[in-house]
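Structure first, commentary second.
The values are calculated or read from the model by the stated rules, or taken from the named source; none is laboratory data. All of these numbers come straight from a predicted model, not from anything done at the bench. As a convention, Cβ positions derive from the backbone with ideal geometry for all residues, glycine included, and neighbour counts pool all protein chains shown.
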Amino acid sequence: MRLGRIEINRQRTVLAGIAFLGIFSAVAALATNFQIYEISAGNYADSMWPGTGPTITWDENFTSTPTNVVVKNSVTPSTVLSDAFNTWSSATAPGTSTLATNVQFSFGSANASLPKSPTLDCKNVVGFSDPNSGDFPTGVVAFAVITTSPGGFVPGSNCPTYTTPCPIANCIVDVDIMFNPSQTFATAAAGSNQFDLQSVATHEIGHLLGLDHSNIGHAVMYPYGDTSQIGVHQTLWTDDIVGVGHLYPGPGSADSNGIEGTVTLTQAGTANVAPLYAADVEAIDTTTGDVVTETLTDPSGNYHLRVYDGTYYVYVQSLAPNVNSGPTTILNFSGQAGYGDNNVANIPANPTNYTGKFY
């Protein structure tokens, strides 16, 4: 572990992929300030929408309140979903009113069909049913099914013609968000055994945009939710803002400057020095003590933390070796290039697990 003080002017961050929002028991210690990651200096996420300022249309697959949604304070589920989308498009640079992103959303229609994956219809449908008959793994509250295409161009009457080429190998062309019909969601003031709908929706919309999970408990993209207030995250954390601003930069997005370095391990009793792959590197604001952003080191041990103006400590730690040892493992970042694939089929063993213990 290393802790160093660095003063820097600016940064931003990236995430990407398809992932699940799972259940994790409320523990006060999980309310600590941990945050986002990015693969390595200058790398894009695995997937994003074509264009630097896209307008993404979304549809609902219901016309009346779904049976597993409890309406509170006369707030409809449609209103909650709209607010969740707006949370991302209205993201501003911390402490300012300047938009960090120029991504926009447009509502399409209600009662749209929620297709069985991997059906591609270029319609981004949000729904509360399970068209695949029980494919929700145990503990999963919701998930986003993301379809990408080389260059971002696909055939079909519902598929848009992009005027801006895809800037990476694969661009997003279709995302469907599904809420577990076996779980109960509340539109406001969630009670016992009820998930806050806006929190879960905001998390899944982050995946729709191309963001992967964050290791910071305060971040919307933290991979676990809860039915208590500790699991309510309706407001974007700095890490979330840096991520969406990097993919779809607005006038208030952090620029590419930041903190760079290399993490190595010296084996005890020897002179052998080896780079650490997938070490978790965090930027801690020296004024507030908050972890504002994070990244994982690449195979050469290199990292790039993009931050807004400020003074930061840099802290390095390993991920948990398995799900029984800590809240986040390499599995949570499987959507990111180099750390696994979107089907969660090729997850490498935790490269920084040298002791078998989580510190």
- Looking at region 248-293, which of its residues are surrounded by fewer than 23 Cβ atoms within 10 Å (Cβ to Cβ), under 25 Å from W49 (Cα atoms) and modelled with pLDDT under 85? D255, S256, N257
- Task: Within region 157-211, work out how many residues are among the hydroxyl-bearing types (S, T, Y), modelled with pLDDT of 85 or more and part of a loop (DSSP other than H, G, I, E, B).
- Result: 3
- Tell me, which strands (runs of 3 or more DSSP E) wholly within region 219-318 include 2 or more residues that are free of Cβ contacts under 8 Å to residues at least 40 places away in the same chain and of a type in the set (S, T, N, Q)? 264-266
- Residues that are buried (at least 17 other Cβ atoms within 10 Å of the Cβ) and either more than 20 Å from D176 (Cβ to Cβ) or among the hydroxyl-bearing types (S, T, Y) (or both), drawn from region 93-114: A93, P94, L99, A100, T101, N102
- Item | Unmet criterion (only one of (1) at pLDDT 95 or above; (2) touching a strand residue (DSSP E or B) at 6+ places or on another chain (Cβ under 7 Å); (3) surrounded by fewer than 18 Cβ atoms within 10 Å (Cβ to Cβ)) for D130 | (1)
- Task: Tell me, please, whether a residue that is of a type in the set (S, T, Y), outside any strand (DSSP E or B), touching a residue at least 12 places away in the same chain (Cβ under 8 Å) and touching a Gly at 6+ places or on another chain (Cβ under 7 Å) can be found in region 85-92.
- Result: no
- Task: Considering only region 245-304, state which residues are small (G, A, S), closer than 20 Å to Y315 by Cβ and in contact with a helix residue (DSSP H, G or I) (Cβ under 7 Å, 6 or more places away or on another chain).
- Result: A254, A278
- Message: Restricting to region 179-202, and then to whatever is crowded, with 23+ Cβ neighbours inside 10 Å and β-branched (V, I, T), can you tell me which residue is nearest to the chain's Cα centre (by Cα)?
- Response: T202
- Would region 42-60 turn up any residue that is at pLDDT below 95, within 29 Å of P327 (Cα to Cα), in contact with a Lys or Arg (Cβ under 8 Å, 6 or more places away or on another chain) and surrounded by 14 or more Cβ atoms within 10 Å (Cβ to Cβ)? no
